[in-house]
Structures are given as structure tokens and as C-alpha cells.
Amino acid sequence: MDISLEGVDFQKKMRLSLCKPDRKPFMEIHNVKNLTRKISFVGVDEISFDVPLYRPAIRGKKKRNELFDAIVGDYYIYLNDGKDEEDGQYFIIQNPDERKNDSGEVVKSIVAYSSEYAFSSKKVQNFHRESRLLYDPNY
């Protein structure tokens, strides 16, 4: 099956921005490892990556990664993948997990799901309405 991806510029890099719960970006996401993106045509999209505690600095020195402390659960990640500047996708960060990777350095593992995920566990209760015709111009 061929899937058309018109409008996507594969030469342009994906840009990630960290956003507070009000979806206002306040920090670009750089210096991450193992970035993966899973796209689902019928379900929830997912991105995951690791944020190392230290990032490379000038002349081979290491500096504490500012993103390590800034990224917390329930914040959003805005992904712009080469389409329109305003037409990106939001992901909700689930509980980040601090661990040591295979090489022994401390990393924060991030898993984020597309914003549809927020509605996956919601239940509508006590909703009593009359049925209506959707195409009726009176409604």
C-alpha cells in the first residue's frame, strides 16, 4: 500500500518544543537521544526519547542539561514535522522515569502520546438529550 505524504518536507528537520499545560511553548527540545515516533492511522500517536543529565558543551566539557529538570509529566510537546508552521501536533508527557542507560549515565525517559490520548479514559455520564437530526438547519 502506498501512502501519500504530500506537503511534508523530508529535508526539514523535526522541531520539538516543550509547552506548559496551557500549550504555550517555553523551551526548544535539543540534546536528546533515542528519539522515536510511532504513527497510528486509527489510534494514538506516540513519541519517546531519553534526556541525558549532562549535555556536551564547549571544548568537550559537559554541562547539566537544562531540559532534564524542566520536563515533567502533564506538560506538552509540540512537534512540527515539516508541514505548515502552525499545523503541528501536541503530545502529552506521561510520568517521566529517571534511570541509568546502558553506558551508566543518568537519563530521563520520556514517553508522550498525542492529545487524543487524554480522551481515551474519559467517560460521559448523566448525559440525557433528545435525539436530533444533524442536518436540520434549526439546530
Describe numerically, in nm with one decimal, the distance between label points set 7 Å from Cα along Cα→Cβ at Met14 and at Lys33. 1.8
Using modelled backbone amide H atoms (1.01 Å from N, in-plane), which distant-in-sequence or interchain residues come within less than 5 Å of Asp45's amide H? Ser40, Ser114
Charged-residue dipole, Cβ positions (Lys, Arg, Asp, Glu), the stretch 25-81 about Cα centre, Debye nearest 20: 560
If I ignore ligands, DNA and RNA and count only protein heavy atoms, how much of Asp50 is accessible to a 1.4 Å probe, in Å² to the nearest 10? 20
Amide H to amide H, which residues 5 or more places from Met27 or on other chains are under 5 Å from it, using H placed in the peptide plane? Leu18
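The values are calculated or read from the model by the stated rules, or taken from the named source; none is laboratory data. These numbers were taken from a predicted model, which means no experiment stands behind them. Every residue, glycine as well, gets a Cβ built from its backbone with ideal geometry; the counts of neighbours run over all protein chains shown. Please note that ligands, DNA and RNA were not included when accessible areas were found on the heavy atoms of the full protein model with its side chains. Shrake-Rupley method; radii C 1.70, N 1.55, O 1.52, S 1.80 Å.
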